[in-house]
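Heads up: the structure comes next, in structure tokens.
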Amino acid sequence: MESSQWWREGIIYQIYPRSFKDSNGDGLGDLPGIIEKLDYLLSLGVDALWLSPFYPTPDKDFGYDVSDHCAVDPRFGTLADFDRLVAEAHRRGLRILLDMVMNHTSDQHPWFQEARSSRTSPKRDWYIWRDRPNNWQAAFGGRTWTYDPQTGQYYLHLFTPAQPDVNWRNPAVRQAQLDVFRFWLERGVDGFRLDVFNAYFKHPDLPDNPPQFGLRGFDRQRHIYDMDQPEMMPLLNELRALLDSYPERYAVGETYLATLDKVVSYCGPDKLHAAFSFDFTSAALFYPWNPAWILKKILARERIFEAAGVWPTTVLSNHDLPRAASRYCRGEDDSQARIALTLLLTLRGTPFLYYGEEIGLRDLPLKRHEILDPPGQKYWPIYKGRDGCRGPMQWDDSPQAGFSQAQPWLKVHPDYPRRNVAAQESDPASLLNFTRRLIALRREYPALRRGAFVPLSAPAGVLAYLRRTEAQTVFVALNFSRREVRAPLPEGEWQTLLPEGASPAGALGPQQILLACKV
Ligand code: GLC
């Protein structure tokens, strides 16, 4: 896709590099491993790859604690590997997006080392220091403040104490951070995913957050002073101008504690291209995974995004959430994963596909001693952390699922002898081939990429809608239920697209999906 709007119609595939493919037998995935798998990604039909962090890191938050923003951690490869990855991806028409963790650094970052060396250090003000803490709570538990005995002050961190927040209000910090974006733009990257961007600025006076009802300390306050400050807008304008000084670059923000109004406020022609709204990710966790609830969420986002002229994103899985297939499927049955993938790939918005989602990868079953993720260690068993969704990719049925020659950093899911890419490649009825088919349809039918979303009335248990441009109408029906239901197509003549070759009938089998195009 050549157009400057590639990110609207394209599909973005998220890779968690340490779990994708290990090329050198150290149990950790790496950049050369990703290069090995580019042809697989091309065969899926995705347009861009978002790489979770591969920068040098002490791994206190598995890469989201960065100790050098302009380098590759030697465990993941070298800058030369990175350049080769960009070149090889571009040769195949795949774009590369980087994960920019700019709210905080690692406490091992030279900036912080220097800042904490003395109160008069020239970099002291690059972080946020106070003599006394306010009431803010950290997202991963405990206070946002940690005492530094050497200099006798507290520093601020919204996540773990190993992730001090930088002071974006300091002009030198702002400059240094924008230089990091420039560094990667110059290396040819096509865009960025901004980690917790809406927390960059804190209220300058650091007032206490007001209380609200919630389970953990962090949830028990309204986050009105530790994020979403007005200073974010001019920064986004500046960042966008920087991106626009290169052709066809893109930025999507991870909106922390997203509400739809908040999300659209950060997007626009002089702000971010897009920001995550995570509309469906709480289904089957806190809300029912059913058509009525999903339709309500779709309509709310359609209304707000449409009115704001902002293009939505659709996410069902990522490295912070239980995988969609684990949330929606019973046992090994992939029927609900098919429904989820159809939703992901036929709603209006940019789909984000998380590695392994195309083969229905399930969360790892982990025991307490196997938990590595800091919030999981802290809150077990109420919250088991995010290791489950970060397991090694399952390539084939060889030892370690073809991911590595060595014991991987997280164990391989025990279902790998049956659930793997190679097995699904050769099975025409597999989830992988179903995903490929859906992606191919999305590429073939402009209505699925850019058509309006038109809800249809449908029997209980069914979600039915049209995607419609002036020239084309595609009908989508998803039977979430385990019963056969009547779901007649709207008036007119229809050609069935999925299942292939089926005649457009008035009934949908249990958990069946129907896509048809008006002729
Ligand atoms: C974002 C990331 C998450 C990380 C946190 C702190 O929410 O998605 O994985 O732990 O930021 O960087």
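The values are calculated or read from the model by the stated rules, or taken from the named source; none is laboratory data. Note that the coordinates shown come from a computational prediction; the quantities given were computed from them, not determined experimentally. Cβ placement follows ideal geometry from the backbone for every residue including glycine, while neighbour counts extend to all protein chains displayed. Heavy atoms of the whole protein, side chains included, go into the accessibility calculation; ligands, DNA and RNA do not. Shrake-Rupley method; radii C 1.70, N 1.55, O 1.52, S 1.80 Å.
Brief remarks follow.
- Close Lys pairs in the chain (alpha-carbon distance under 17 Å; sequence gap of 8 or more, or different chains): 11.
- Accessible surface of LYS378 - all protein chains present, 1.4 Å probe, nearest 10 Å²: 120
- Only Lys, Arg, Asp and Glu carry charge here, each on its Cβ (+1 for the first two, -1 for the last two); on that basis the chain has a dipole of about 1200 debye about its Cα centre.
- Dipole magnitude of the range 368-519 about its Cα centre (Cβ charges: Lys, Arg +1; Asp, Glu -1), debye to nearest 20: 500
- Compactness of the range 97-206 is given as radius of gyration and Dmax, 14.2, 44 Å, from Cα positions.
- Couplings 3J(HN,Hα) for the range 415-427, derived from phi with the Karplus relation 6.51 cos²θ - 1.76 cosθ + 1.60 (θ = phi - 60°), are 7, 4, x, 9, 9, 7, 4, 4, 5, 6, 4, 8, 10 Hz, where x marks Gly and Pro.
- Antiparallel bridges, percent of DSSP beta bridges restricted to the chain (to nearest 5): 55
- Beyond 14 Å, the tail of the calculated P(r) for the range 110-156 holds 47 percent of the Cα pairs.
- Computed with every protein chain present, the accessible area of CYS267 is close to 10 Å² [probe 1.4 Å].
- Which of ALA172, SER43, ALA199, positive extreme of dipole for the chain (C-beta unit charges): ALA199
- Inter-label distance, nm, simple model (7 Å from Cα along the C-beta direction), HIS369/ARG482: 3.7
- For a modelled paramagnetic label at ALA460, 7 Å from Cα along Cα-to-Cβ, the residues of the range 266-292 in reach, with backbone nitrogen under 18 Å, are 288-292.
- Between 0 and 90 degrees, the angle of helix 79-91 with respect to the longest Cα principal axis of the chain falls at about 30 degrees.
- Against the empirical curve 2.2 N^0.38 Å, the C-alpha radius of gyration of the chain lands at a ratio of 0.98.
- Positive-end extreme of charge dipole, the range 1-120 - chosen from GLN113, PRO74, PRO32 (charges on Cβ): GLN113
- Amide hydrogen neighbours beyond the local backbone of THR350, cut-off 5 Å, H modeled: THR313, THR314
- Nearest-ten-degree value, helix 291-308 long axis tilted from longest Cα axis of the chain: 60
- Around the Cα centre of the range 110-156, unit charges on the Cβ atoms of Lys, Arg, Asp and Glu (plus for the first two, minus for the last two) sum to a dipole of about 60 debye.
- At full extension, ALA307 and HIS203 could sit 34.5 nm farther apart than now, given 0.36 nm per residue minus the alpha carbon distance.
- GLU491-TYR147 pseudo-label distance in nm [points 7 Å out on the Cα-to-Cβ vector]: 7.6
- Rounded to the nearest 500, the 222 nm mean residue ellipticity of the chain from helices alone is -7500 deg cm²/dmol, with -39,500 (n - 2.57) taken per DSSP H run of at least 4 residues.
- Candidate residues GLU114, GLU302, GLU88: accessible-area rank, largest first, probe 1.4 Å: GLU114, GLU88, GLU302
- Accessible area per residue (1.4 Å probe, heavy atoms of protein chains only) ranks SER426, SER43, SER282 as SER426, SER43, SER282, with the largest value leading.
- Helix 335-346 and the long axis of the chain differ in direction by around 80°, with both axes built from C-alpha atoms.
- Relative frequency of Cα-Cα separations exceeding 20 Å in the range 451-518, percent: 20
- A straight chain from ARG84 to ARG450 at 0.36 nm per residue would run longer than the Cα-Cα distance by 128.5 nm.
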